[in-house]
Amino acid sequence: MTSKGYYSFTRITDYGPYVTKLILPMPGKVKAGAVDPAGFSVYVERVDEKGDLLLLPKSWMALDDKEPSQGYIPATAAYPSDKAGVAKEEGDFVTLEMAYGPRNQLSSRISAPAGLNVYVNMRYTVTQTRSVETDNGPAAGLVFDYSLGDSCPDSAGWLNSCSSYEPEPLNYGYFIPQQVKPGPRPLIIWLHGAGEGGQDPTVAYTGNKVIALTSEKVQALFGGAYVLAPQTKTFWMNDGTGEYGRTGKSIYVQALKACIDEFVGKNENIDKNRIYIGGDSNGGFMTMRMLLDYPDFFAAAFPVCEALYDETISDETIQRVKDKAIWFTHAKDDPVVKPEETVVPTYQRLIEAGAKNVHFTFWDDIRDIHEGFTDEEGKPFRYIGHFAWIPMLNDDCRKDYNGGPVTIEGQEVSLLEWLAKQSL
């Protein structure tokens, strides 16, 4: 058999980054209809930097239950293409579309071998099991077993850097708006969840679909927006003990503020009256922590499944932030951050204090409506209730706590439409 290389294509989905295509160079031009997915067998091993097979968690909720990360992945479609995987009537490449999603985790680019999500190496072996007709004659017996590179257009425009705050420098990812218009542009800050801490800031914005904030649709809402995604080496809720406690404190408050200030200082076109902060879970906790500590700095906050225990928030603090613009997102069936201990009482106290621009989308549960992921019965996949960032980043949040719409001047708005209109 002839050994050849392959290209992989990564897409950032609602459930994280997946290899969704393998692109195979062929020895001649292939016409549409000459290939089908049954003509290729795809095997993958997920390995560490040394090439050793990884033992990885079976699921997000069972991190200690591990198994060798290897196996066969179904190809769901096959067609002639160009090098980028774009379908053509005739092409020098064959693209295989791969099964991916919550029920096909072998296609995932990330996992948590030590508790934090990291990118893992994907070692594919694609074996041709049926002959393919090309303009140079039949191609048979091909094996594609080494990588020629990976592409991820979804993260285009993102760059990585590190703050210079000497006591605790923070890695971060960032995006500079591409729309060239006169005048200052807003800044959206996203704070990652506990699983996206570590040493690779790429995980902070691709572990979840944070890149949605830099999509053409969302950027158009804001007239172009800077996006900043800082990363902590451990987790935002670390109060110095290294444990998940209930103190409501974080050792990263000053480091994070220094990172934000430095980024704003480097980008003079940022509108200091339109700095927005949000994040999920641990990042939702830190969103609240930063809002409570620096209420005059942020124009609005959008905490998602936030983990700041209400018992740590004083009545004086509630009074200090009741006039801030805040939109909470959570799910009633969240098994990780119990809303009755965090967001529900905090929201209620803000409303009782007279808050006029505080909103709360409280989902019954979180189900797939964008990716086409299904369960064993073919019904829309039901995510773990903690994954409330999925509808938030898809801008599906429109209802308030009472079930009615959120409106501005009589017009219904989504969370991101609302956010774009907030200013100090």
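The values are calculated or read from the model by the stated rules, or taken from the named source; none is laboratory data. Just so we're clear, the structure is a prediction, and the values are computed from it rather than from any experiment. Here Cβ is always computed from backbone atoms with ideal geometry, including for glycine, and neighbour counts include all displayed protein chains. Keep in mind that these areas ignore ligands, DNA and RNA; they rest on the heavy atoms of the full protein, side chains included. Shrake-Rupley method; radii C 1.70, N 1.55, O 1.52, S 1.80 Å.
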Grab the range 173-317 and count how many Lys pairs have their alpha-carbon atoms under 15 Å apart, sequence gap of 8 or more, or different chains. 4
Difference of contour (0.36 nm per residue) and Cα-Cα distance, Ile351 to Asp315: 11.7 nm
Relative to the longest principal axis of the C-alpha atoms of the chain, give the angle of the C-alpha long axis of helix 253-266, reported between 0 and 90° and rounded to the nearest 10°. 70 degrees
Need one word for the range 1-113: rounded, prolate or oblate. Basis is the Cα gyration tensor (sqrt eigenvalues a ≥ b ≥ c); a/c below 1.5 gives rounded, then a/b vs b/c decides. prolate
Carbon and sulfur atoms: what percent of the 1.4 Å accessible area of the chain do they account for? 48 percent
Give, in whole angstrom and from largest to smallest, the semi-axes √(5λ) of the equivalent ellipsoid of the range 39-170, with λ running over the eigenvalues of the Cα gyration tensor. 33, 21, 13
Rounded, prolate or oblate: which one fits the range 313-387, using the alpha carbon gyration tensor with axes a ≥ b ≥ c (rounded when a/c is under 1.5, else prolate when a/b beats b/c, else oblate)? prolate
How far, in nm, would the chain grow between Arg123 and Ala140 when pulled straight, counting 0.36 nm per residue and subtracting the alpha carbon separation? 3.9 nm
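May I ask for the longest run of the chain untouched by GluC sites (Glu not before Pro) that are loop-located per DSSP and have at most 16 neighbouring C-beta atoms (other than their own) within 10 Å?
90-242
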Cross-link reach from Lys332 to lysines, straight Cα distance under 20 Å and at least 8 residues apart if same chain, gives Lys399
Throw me the Rg/Rh for the range 283-424, computed over C-alpha atoms with Kirkwood Rh, two decimals. 0.98
Angle in degrees between helix 282-293 and the longest Cα principal axis of the chain, rounded to the nearest 10: 30 degrees
Stretchable slack from Lys338 to Lys249, in nm (0.36 nm times residue separation minus alpha-carbon distance): 30.2 nm
Along Cα→Cβ, 7 Å out, is where each label goes; now give me the distance between the ones at Lys58 and Asn273 in nm to one decimal. 5.7 nm
Among Gln219, Gln231, Gln178, whose mean-square fluctuation peaks in a Gaussian network model of the chain (Cα, cutoff 10 Å)? Gln178
Report for the chain the percent antiparallel among DSSP-assigned beta bridges with both residues inside it, nearest 5. 65 percent
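Normalised by the number of residues in the range 198-266, what is the relative contact order in percent for Cα pairs under 8 Å and 6+ residues apart?
It rounds to 25 percent for the range 198-266.
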If a paramagnetic tag sat 7 Å from the Cα of Glu216 along the Cα-Cβ line, which residues of the range 152-193 would have the backbone N under 14 Å from that point? 154, 178-179
Compute the distribution of all C-alpha to C-alpha distances in the chain, in bins of 10 Å from 0, and list the percent of pairs in each, rounded to whole numbers. 4, 21, 29, 23, 14, 7, 2, 0
Could you tell me the relative contact order of the chain? Use alpha-carbon pairs under 8 Å, at least six residues apart, and round to a whole percent. 12 percent
Between Asp333, Asp14, Asp52, which gets the highest mean-square fluctuation from a Gaussian network model of the chain, Cα cutoff 10 Å? Asp52
The range 324-424: trypsin sites (Lys or Arg not before Pro) in DSSP loop, at most 16 other beta carbons within 10 Å: Lys332, Lys356, Lys421
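Relative contact order of the range 209-356, please, whole-number percent, based on alpha carbon pairs below 8 angstrom and at least 6 residues apart.
Numbers: 195 pairs, mean separation 25.1, N = 148.
Averaging sequence separation for qualifying contacts and normalising by length gives 17 percent for the range 209-356.
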Tell me the per residue accessible area of the chain using a 1.4 Å probe; a whole number in Å² is fine. 43 Å²
Calculated from DSSP helices alone, with each H run of at least 4 adding -39500 (n - 2.57) and the total divided by the residues of the chain, [θ]222 nm to the nearest 500 comes to -4000 deg cm²/dmol
